[in-house]
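Asker: Sharing a structure with you now.
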Amino acid sequence: MEKKNILTGDRPSGKLHLGHYFGALKPRIELQDKYNTYVLIADVQALTDNFNNPERVSQNVREVAIDNLSVGIDPNKSVILIQSMIPEIAELTVYYSNLVTIARLYRNPTVKNEINQKQHLFGNKGEGVTYGFLGYPVSQAGDITAFDGALVPVGEDQIPVLEQTREIVRKFNSIYGDTLVEPEHLLSENPRIKGLDGNEKMGKSLGNAIFLSDPEEEVSKKIMKAVTDPQKIKKDDPGNPDVCMVYYYHKLVNKTTLEKVCEECKKGTRGCVQCKQELIAKMMEFLKPIQEKRKYYEDHPEIVDEILIEGTKKAQLKAKEVMKRVKKSMKINYFE
Ligand code: ATP
Ligand code: MG
């Protein structure tokens, strides 16, 4: 049987963080052995809410590529590509925009939530939202279908966006005939990693993240400020690990003393400062091999460029093949 295609990716709106690692990168590394994996660096999508700051996007394209390479995405197994270099995606977006209503886009809970978070751009009530931002799920349908993506590994926030792709694909196939692959989502084991501030989602744009590339001083500063059980005031007060962000991250990276941390906290024999210091050490143990690999790629930018150029070339071939099929189905394949 032919291997299925996976489409996955990140917006180059900043470097990648722990939420990405556990929610998206770790599953991606495991999947690349079983499927044809396309890792899309979504610069066009990042511009939808960074259109006034294009440097932020362009500077982060290589950073996001390096983050992926540093955690173990292997360019011999996965295709890493830059979205804006695949014009077919933009073309598909135009055709798909006829298949979705504006009301439906407004109802998308993820889009709604993101518009609310971006009041500085889109106004207090979202009255200034742009056509481009509201329509990013349509462009995401372009990303996925341009590579016949059958499986899309996602964090929780992306489920409603993927549902929009599925609706577009079904509508396309019902009007123009069976042409596009309808993708399914693959929800990660850690679909939503919380932020240092206790916010439900760690996000690049939310100021509550530990980045994979953060040096020890930075990790240390952030963890020292992380939210702990507000009822545990003195060192020997018994605490509730379930409401503590420090324990929450211990669970992610501490493979050896987790039980001890939990018991001592509950008994009141461990202070929060000690607990934070231990977490900093565990976190650095976890980040160190990733950061060593990152350093290698930072020292060899020509290797990163080569990987991006080669990946994008392969992706262009695939997208051209899909585009041909789409135009034929839509009967706009003139002079063929
Ligand atoms: P931005 O705030 O700019 O949107 P982001 O942190 O949401 O950035 P994206 O590049 O939009 O990051 O997301 C890339 C992938 O990582 C998506 O599949 C998303 O679901 C997943 N992801 C992002 N943040 C988390 C998180 N905190 N927990 C689990 N998965 C996450
Ligand atoms: Mg996001």
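The values are calculated or read from the model by the stated rules, or taken from the named source; none is laboratory data. Model, not experiment: these values are computed from the prediction. We place every Cβ from the backbone using ideal geometry, glycine too, and count neighbours over all the protein chains shown.
Asker: Across region 98-157, which residue is farthest from ligand 2 (Cβ to nearest atom) among those that are over 26 Å from Arg192 (Cα atoms) and part of a helix (DSSP H, G or I)?
Answerer: My answer is Asn98.
Asker: Go through region 126-159 residue by residue and tally those that are charged (D, E, K, R), within 14 Å of Lys112 (Cα to Cα) and under 14 Å from the mean Cα position of the chain (by Cα).
Answerer: Selection size over region 126-159: 1.
Asker: Here's a follow-up. Restricting to region 67-76, name every residue that is surrounded by fewer than 22 Cβ atoms within 10 Å (Cβ to Cβ) and in contact with a strand residue (DSSP E or B) (Cβ under 7 Å, 6 or more places away or on another chain).
Answerer: Ile73
Asker: Does Leu317 satisfy being out of contact with any strand residue (DSSP E or B) (no Cβ under 9 Å at 6 or more places or on another chain), assigned by TED's automatic domain parsing to the domain that holds Ile73 and of a type in the set (A, V, I, L, M, F, W, C)? I'd like the intermediate steps shown before the answer.
Answerer: Values: out of contact with any strand residue (DSSP E or B) (no Cβ under 9 Å at 6 or more places or on another chain): yes; assigned by TED's automatic domain parsing to the domain that holds Ile73: yes; of a type in the set (A, V, I, L, M, F, W, C): yes.
Considered against the rule, which asks whether it is out of contact with any strand residue (DSSP E or B) (no Cβ under 9 Å at 6 or more places or on another chain), assigned by TED's automatic domain parsing to the domain that holds Ile73 and of a type in the set (A, V, I, L, M, F, W, C), Leu317 comes out as yes.
Asker: In region 183-202, what count of residues is obtained for those that are touching a strand residue (DSSP E or B) at 6+ places or on another chain (Cβ under 8 Å) and not polar (S, T, N, Q)? Walk me through it before giving the result.
Answerer: In the first step, residues of region 183-202 are kept if they are touching a strand residue (DSSP E or B) at 6+ places or on another chain (Cβ under 8 Å); the result is 183-188, 191, 202.
Narrowing the set further to residues that are not polar (S, T, N, Q) leaves 183-187, 191, 202.
So the answer is 7.
Asker: Still on this structure, please answer the following. Among the residues of region 193-212, how many are within 16 Å of the chain's Cα centre (by Cα), polar (S, T, N, Q) and surrounded by fewer than 20 Cβ atoms within 10 Å (Cβ to Cβ)?
Answerer: Total meeting the criteria: 1.
Asker: Only helices (runs of 4 or more DSSP H) wholly contained in region 237-336 count here; list those with 2 or more residues that are touching an Asp or Glu at 6+ places or on another chain (Cβ under 6 Å).
Answerer: Numbers: elements: 245-253, 258-267, 272-299, 301-329.
By residue number, 301-329.
Asker: State whether one or more residues within region 177-188 are in contact (Cβ under 8 Å) with a residue 24 or more places away in the chain, within 16 Å of ligand 2 (Cβ to nearest atom) and of a type outside the set (Ser, Thr, Tyr).
Answerer: yes
Asker: Provide a single number: the residues in region 1-45 that are under 16 Å from Ala315 (Cβ atoms) and among the hydroxyl-bearing types (Ser, Thr, Tyr).
Answerer: 4
Asker: Kindly indicate which of Val253, Val326 is under 28 Å from the mean Cα position of the chain (by Cα) and in contact (Cβ under 8 Å) with a residue 40 or more places away in the chain. Walk me through how you get there before you give the answer.
Answerer: Working: Val253 fails: in contact (Cβ under 8 Å) with a residue 40 or more places away in the chain.
Checking each option against the conditions leaves just Val326.
Asker: Let me ask something additional. Can you name the residue in region 158-190 that is assigned to a strand (DSSP E or B) and within 13 Å of ligand 1 (Cβ to nearest atom) and is also surrounded by the most Cβ atoms within 10 Å (Cβ to Cβ) among such residues?
Answerer: Start the filter on region 158-190 by keeping residues that are assigned to a strand (DSSP E or B), which leaves 184-187.
Those still in the list that are within 13 Å of ligand 1 (Cβ to nearest atom) too: 185-187.
Working: His185: 18, Leu186: 16, Leu187: 16.
Top of the filtered list is His185.
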